[in-house]
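Chemist: One structure follows; several queries about it will come next.
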Amino acid sequence: MTTKLRRGATTIEMTLIGIPIMFILISTFEISRGMWMYHTTAYAVKQGVRYAIVHGRDCDPNQPMQNNCLVTVAQVENVIEKAGVGLDQGRTKLTFISGGGTDVNAATMTACKNNNSTWPVANGIGTLIEIDLVTPFYSMAALFWPGAKGAGAATFAATAFAASSKERIQF
Amino acid sequence: MNELQNRDRQGADKRQGGQAIVLVTLALFAMFGLMGLAVDLGWSFFLQRSAQSAADAAALGAVQEAKNRLGASFASWTCPGSPGATDAWCTSGAAIVDCTTVSNTSSNLYNGCRYAVSNGFDHTNNVRQTVNIRASDSTTLPALPATASGTPLGVKGIVYWVTVSTVQTVPQIFSSMLGNTTGTISAIATAAIVSSVLPGSFYGMNMRGDCMGGSSCGKDIDIGGNTTISAPGAIVLSSPCTGSGAGCAGQAISTGGNSLVDAKSSSVIVNGSINTVAGQNYQPTPAQLGTAKDFLDPTRGLHEPPIMANSQGGGIKGCAIPGGVISGNVTLGPYNYFSYTGFSNGNPIPDGRPITITGNATFDPTSTACDNGSAGAIKGTTGAEESGTFKSFFIWGGMNVTGSVNFSAGQFFLVGQNPNQSGGTVFSLDKATVTDTASSSSGGTMLIFTAPGYPGMDIQSAVIAGAVENGLKQGSVDMGKGNGTSIQLLGVTKSTSSNPTGLPSDLSNYSGVALWMDRRNSIDYYNPDPGCTAAAGNSQCGTIDPTRSAPQATSGEMGANYCPSNDCSGSAVMHFGPGDIKNFDVKGVIYMPRGAYYLAEHGNGNASLNSATQFIGGGYKTPSGNGIDLTLTSPTNPFLVTINALIQ
């Protein structure tokens, strides 16, 4: 009788200790994973934009220098993809802006792979170009906030990471 | 039994207590792994950005120093065998060299390595950091520069390039628990001195106090009526005027009536701010996007285009035309053309009249004809037949065309006008047809509007007995006096691999130039030519007034003699209209110095200059009610500037 009671007490103890331990563990995991995503997205868009700014106007084969280094949306996406290990390509959305005009509006990376139009569209030396990236982040931390905004059928709430980089065309 | 139960109980407690430790211990591996991702990877990303910045700075620093050393003389530059402190340095055979071995402080690569140090890559003290550098010209090793994996960059027109790669090993904190004690990050950057297309379609260079015809001061575009200026590239306006103040009659753009300035998908770039006020129409809204250097003359650093015929070492033969009139169908070779009346000691006496073409004249660089030997045309006996690949033609006293003229590959110097004979113009088209049979492979055509005193011109006048240059002055250009003028020209084209026989390298810096107005033909004090800082007589400048900082027209040369619509500015005017210009097709660049301007007026209804042209000049002005539209399309033969740029 006493043993059973004591065993019951340790179960309760374990439950009481376990919940915060799980919380701490999951939080550590998720914050780490979140930081990783944060760095990755920021790095990936930066690489993508840098790639585009050194393949700008003067790369155009129709210009008199007949250079052949113009790049397409798909090629820029490829750079982002290589730099952004672990990005969910079906759900990560890219927006390409050049000279104030939106050339690709929130298309998934998968869709961008098939976009063989040249970019930047507003392609002058010194023109500001920008890539925005939004990727969903499905976090287990949402377990602790069941009421947090859901992601449709998914059990875990989705928040999103947004990263953006803006630079002027160099060449 | 009780004891046993107690032991059991204690054992159970211990087992249960150990669960959390085991759980946490096991979880620690996963935790460290994930924290490794977050912390170590994050740190690596940060370091990678630093490495990229260091590589960018090093490559650009080395190239900038090289460009400073080489000045503007890149035409056929290759890596020097034993470079000095004024050369650009290459790595031997484009070998990849560690910056620690670049110790010669007179090398520009040493500068590059120092830039890496300044940007956090201290290869001299930090054993974890390495900076590699390689540099060469574009002709020695055509497969370079290349990406890290060896793919060529596909960029032509590179004079000199520097590739820098930075590598750093990064000790890991959390990841080392899973066996990764170090990580490696790297970055690569290539900068080059490279040809680049001048980005703008229209450059208005007038500044505060620069006027167009005594009015429109401080304006770069002053249009009215229904006039539209539209351009696919940027419209760059240098005036800092924001509406009022000394030297400003208004803002840099003045669009009266329903006139419109439309940069299409590009920008209207202004030096001063523009107040958006009612009645001012532009698209997009002008913005201060540039820095000071963007508002300087795009041709700065270049002398006046050199005379190709001077490579003969002397003057080419003269061709004297009686009264200057050329009628009928004639072919004209590359000579010094001038009008004459009468003879002195058997030599024709230059009379200062313009060459007037009433028939069909064809300038042919391969011809040796001087007006086909028609009555009275006399080819001189002194001077040489021109032997260069790209020929020069000199038309002393300017040219009036009422018939048709065909240019082909070469430079055409319209040398001065006699105010008593020409009404102030060095080139006048009246119901004329101008065609151009030059092709990009033959080098294109360049018309230069100038006066005696142009650098190297005296060798040419010396072959003519009698003072051909007497009384000739700078003049304006009149395109389309009467209705029906048609102009088709191809500016000079820079040689690329697809047209290797094109332009001589001496003219390669003038790519695209179709019409060039002598910089002396402006009353403005500005100096786009670094060779003209010396006193009068400097061979790069022509004859200049030593009291002035820049070569320019002497006061009164221009204005009193040529005042279209009572417009006497004292600087050159390129006057479009008032006749109907039925065709305007100039594939190239029209250059006039700051202060000189375009005046586009149309007598009856709409007219348009619709062409793949880049306009560089002081400004563009139309009368308030009957201007000519300027509809520029994407330039097919643009001006090329040599820039430093990151290309990888």
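Chemist: Which lysines have a Cα lying under 28 Å from the Cα of A:K46, excluding residues fewer than 8 positions away in the same chain?
Modeler: By straight Cα distance, A:K46 reaches A:K82, A:K93, A:K113, A:K166, B:K156, B:K293.
Chemist: Cα centroid distance between segment B:434-485 and segment B:620-647, in Å?
Modeler: 23
Chemist: So what's the convex hull volume per residue for the Cα atoms of segment B:48-179, in Å³?
Modeler: Dividing the Cα hull volume of segment B:48-179 by its residues yields 122 Å³.
Chemist: Still on this model: Would you calculate the volume per residue, in Å³, of the smallest convex hull containing every Cα atom of segment B:342-500?
Modeler: Once divided by residue count, the hull of segment B:342-500 is 121 Å³.
Chemist: Still on this structure, please answer the following. Give the dimensionless ratio obtained when the Cα radius of gyration of the protein assembly as shown is divided by 2.2 N^0.38 Å.
Modeler: Scaled against compact globular proteins, the figure is 1.25.
Chemist: Name the residues whose placed amide hydrogens come within less than 5 Å of the amide hydrogen of B:V261, ignoring near sequence neighbours (fewer than 5 apart) on the same chain.
Modeler: B:I229, B:N281, B:Y282, B:Q283
Chemist: Turning to a different aspect of this structure: Using Cα-Cα distances under 8 Å and only pairs 6 or more residues apart, what relative contact order does chain B have, in percent?
Modeler: The value is 13 percent.
Chemist: I would also like to ask the following. Can you give the average number of partner chain beta-carbon atoms within 10 Å of each beta-carbon in peptide A:29-36, as a whole number?
Modeler: 6
Chemist: Within segment B:160-177, whose backbone N sits under 11 Å from a point 7 Å along Cα→Cβ of B:A148?
Modeler: B:165-168
Chemist: Okay, next question. Of B:K481/B:K621; B:K391/B:K494; B:K431/B:K582; B:K431/B:K473; B:K317/B:K431, which sit over 20 Å apart, Cα to Cα?
Modeler: B:K431/B:K473; B:K317/B:K431
Chemist: Moving on to the next point. Quantify how strongly other chains surround peptide B:193-199 by giving the mean number of their Cβ atoms within 10 Å of each of its Cβ atoms.
Modeler: 5
Chemist: Give the peptides A:12-20, B:513-521, B:635-643 in descending order of average Cβ contacts within 10 Å, highest first.
Modeler: B:513-521, B:635-643, A:12-20
Chemist: With only alpha-carbon atoms counted, please give the Rg and Dmax of chain B, in Å.
Modeler: For chain B, the Cα radius of gyration and maximum Cα-Cα distance read 32.8, 150 Å.
Chemist: Follow-up. Please compute, for the alpha-carbon atoms of segment B:323-434, the extent along each of the three principal axes and give them in descending order in Å.
Modeler: 37, 35, 24
Chemist: Please compute the modelled spin-label separation between B:T25 and A:K82, points set 7 Å along Cα→Cβ, answer in nm with one decimal.
Modeler: Each label point lies 7 Å from its Cα, and together they span 4.4 nm.
Chemist: I've got another one for you. Isolated Cys in chain A by the 4.7 Å beta carbon test?
Modeler: When partners are defined as cysteine Cβ atoms under 4.7 Å apart, chain A leaves A:C112 without one.
Chemist: Over all alpha-carbon pairs in segment A:1-111, figure out the percentage whose distance exceeds 26 Å.
Modeler: The calculated P(r) of segment A:1-111 puts 47 percent of pairs beyond 26 Å.
Chemist: With unit charges on the beta carbons (Lys and Arg positive, Asp and Glu negative) and the dipole taken about the Cα centre of the protein assembly as shown, which residue among B:T78, A:V104, A:H55 sits farthest to the positive side?
Modeler: A:V104
Chemist: Okay, next question. Quick one: length gained pulling B:T184 to B:S244 fully straight, 0.36 nm per residue minus the C-alpha distance?
Modeler: Extending this stretch completely gives an extra 15.7 nm.
Chemist: Where does chain A land at 222 nm, in deg cm²/dmol rounded to the nearest 500, when only DSSP H runs of n ≥ 4 count, each adding -39500 (n - 2.57), divided by all residues?
Modeler: Computed ellipticity for chain A at 222 nm equals -14000 deg cm²/dmol.
Chemist: If I model a spin label at B:S624 and A:I31 as a point 7 Å from the Cα along the Cα→Cβ vector, what separation in nanometres do I get?
Modeler: Once both label points are built, they end up 7.2 nm from each other.
Chemist: Roughly how big is the protein assembly as shown's charge dipole about its Cα centre, with Cβ charges of +1 (Lys, Arg) and -1 (Asp, Glu), in debye to the nearest 20?
Modeler: Once rounded to the nearest 20, the dipole reads 2440 debye.
Chemist: Please list, in order along segment B:200-215, the HN-Hα scalar couplings obtained from phi with the Karplus expression 6.51 cos²θ - 1.76 cosθ + 1.60 (θ = phi - 60°), rounded to whole Hz, x for Gly and Pro.
Modeler: x, 9, 9, 10, x, 9, 4, 10, 4, x, 8, 10, 10, x, x, 9
Chemist: Using the alpha-carbon atoms, what tilt in degrees (0 to 90, nearest 10) does helix B:42-70 show relative to the longest principal axis of chain B?
Modeler: Helix B:42-70 sits at roughly 30 degrees to that axis.
Chemist: For the residues A:W36, B:W161, what sequence is obtained by ranking on other C-beta atoms within 10 Å, fewest first?
Modeler: A:W36, B:W161
Chemist: Roughly how far apart, in whole Å, are the Cα centres of segment B:397-425 and segment B:228-280?
Modeler: About 34 Å separates the Cα centre of segment B:397-425 from the one of segment B:228-280.
Chemist: Moving on. Under a plain spin-label model, where a point goes 7 Å from the Cα along Cα-to-Cβ, how far apart in nm are B:D122 and A:T108?
Modeler: 4.9
Computed from the coordinates by the stated procedures, all read-outs in this text should not be read as laboratory data. Being a predicted model, the structure only gives us computed values, none of them experimental. In this analysis, Cβ positions are derived from the backbone assuming ideal geometry, glycine residues included, and neighbour counts consider all displayed protein chains.
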